[in-house]
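The values are calculated or read from the model by the stated rules, or taken from the named source; none is laboratory data. Nothing here was measured: the structure is a model prediction, and the numbers come from that model. All Cβ positions, even for glycine, are placed from backbone atoms using ideal geometry, and neighbour counts span all protein chains on display. Just the protein is used for accessible areas: all its heavy atoms, side chains included, with ligands, DNA and RNA removed. Shrake-Rupley method; radii C 1.70, N 1.55, O 1.52, S 1.80 Å.
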Amino acid sequence: MSATPGGGVRTLRVPGHHGYAAEFSPYLPGRLACAASQHYGIAGSGTLLILDQNESGLRLFRSFDWNDGLFDVTWSENNEHVLITCSGDGSLQLWDTARATGPLQVFKEHSQEVYSVDWSQTRGEQLVVSGSWDQTVKLWDPTVGKSLCTFRGHESVIYSTIWSPHIPGCFASSSGDQTLRIWDMKTTGVRIVVPAHQAEILSCDWCKYNENLVVTGAVDCSLRGWDLRNVRQPVFELLGHTYAIRRVKFSPFHASVLASCSYDFTVRFWNFSKPDPLLETVEHHTEFTCGLDLSLQSPTQVADCAWDETIKIYDPVCLTMLA
């Protein structure tokens, strides 16, 4: 179901750009960043697209090109104009949307593709974490020209890295080694290793309302919730996707609601506290759906992007009914 009350789906077609990640600005309502790549990220360049929405739809505010595919994007938590992308050439790029050209800075230490980047939400910290196919996680302060430390332990490519919104200096990572790992920058070591799936884990996210709850999404088409106090069994499992789950995001507004997007071309919304948890399936893409975000400002608004060269912002029916 992709019908949307009150205005429908806002779509921006971006020919030649295959979307990998989308993230709403934490500052400016309606502003969205999208990391995209040519040729499905296999070869060619990448583009950071900055979008604004108005009554008539979506418009491109600014775009920045990079010489390799861009796979993820994260906004600064202390400057509304600044954001970081990560790339297939092993680098991170720092951009300023107030400037027409860029990047301001490039951080090149990873030896393979960087697939994930996240800016810490903890006030007073200016820290970024990146995860790479070189099997390492690196910690960065964007004001410093080199990484602060490197975390090793994963035994395959790292697909996802996400800061805890609750515990300063704590982050999660998921990997092709089938594990979810919880790390503490103070000890520069792994705190918890969860053998979360018997398949590659492409995404993880931290619940905004429960410091002990992390969700994983994997190639086995399942989403699993993990209580970090006891990780022997998942506290929930959500089934319904028919191909690999590419990204999962908890709602910023509803403690038991999350969204997932998949290589089955769909976005699904779930309430894991209900006996019948699937709230809605949105089928408005015609290719792998890779990027997904839920607005921090609007309880009903969602953005996604896919390999079909479109970026969409919409209000799914299930979130409208919860609002």
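What are the pairs, 6+ residues apart or on separate chains, where a residue within the range 63-90 that is at positive phi has its Cβ under 7 Å from a residue that is among the acidic types (Asp, Glu) and open to solvent by 10 Å² or more (accessible area, probe 1.4 Å)?
90/113
When the range 264-287 is examined, which residues are found to be within 19 Å of the chain's Cα centre (by Cα), on the phi < 0 side of the Ramachandran plot and of a type in the set (A, V, I, L, M, F, W, C)?
267, 269, 270, 282
Here are some residues: 306, 218. Which one is over 28 Å from residue 27 (Cβ atoms), small (Gly, Ala, Ser) and surrounded by 23 or more Cβ atoms within 10 Å (Cβ to Cβ)?
Details: 306 fails: over 28 Å from residue 27 (Cβ atoms).
Checking each option against the conditions leaves just 218.
Taking the range 65-103 on its own, how many of its residues are of a type in the set (S, T, N, Q), assigned to a strand (DSSP E or B) and under 21 Å from residue 305 (Cα atoms)?
First pass over the range 65-103, keeping only residues of a type in the set (S, T, N, Q): 67, 74, 76, 78-79, 85, 87, 91, 93, 97, 101.
Checking which are assigned to a strand (DSSP E or B) leaves us with 74, 85, 87, 91, 93.
Applying the additional criterion that residues be under 21 Å from residue 305 (Cα atoms) yields 74, 85, 87, 93.
Total meeting the criteria: 4.
Considering 142, 165, which residue is assigned to a loop (DSSP other than H, G, I, E, B), open to solvent by less than 30 Å² (accessible area, probe 1.4 Å) and not charged (D, E, K, R)?
When all the criteria are applied, what remains is 142.
When the residues of the range 66-120 are filtered to those that are in contact with a Gly (Cβ under 7 Å, 6 or more places away or on another chain) and among the charged types (D, E, K, R), which remaining residue is most open to solvent (accessible area, probe 1.4 Å)? Steps first, answer last, please.
In the first step, residues of the range 66-120 are kept if they are in contact with a Gly (Cβ under 7 Å, 6 or more places away or on another chain); the result is 66, 68-71, 87-88, 95-96, 108, 110-116.
Going one step further and asking which of them are among the charged types (D, E, K, R), we end up with 68, 96, 108, 113.
On the way: 68: 44, 96: 27, 108: 118, 113: 52 Å².
Per the stated criteria, the residue is 108.
Here are some residues: 284, 254. Which one is open to solvent by 10 Å² or more (accessible area, probe 1.4 Å), in a loop (DSSP other than H, G, I, E, B), modelled with pLDDT of 95 or more and farther than 16 Å from residue 18 by Cα?
Every option except 254 fails the conditions.
Which ranges mark the strands (runs of 3 or more DSSP E) fully within the range 194-236 that have 2 or more residues being under 22 Å from residue 133 (Cα atoms) and modelled with pLDDT of 95 or more?
201-206, 213-218
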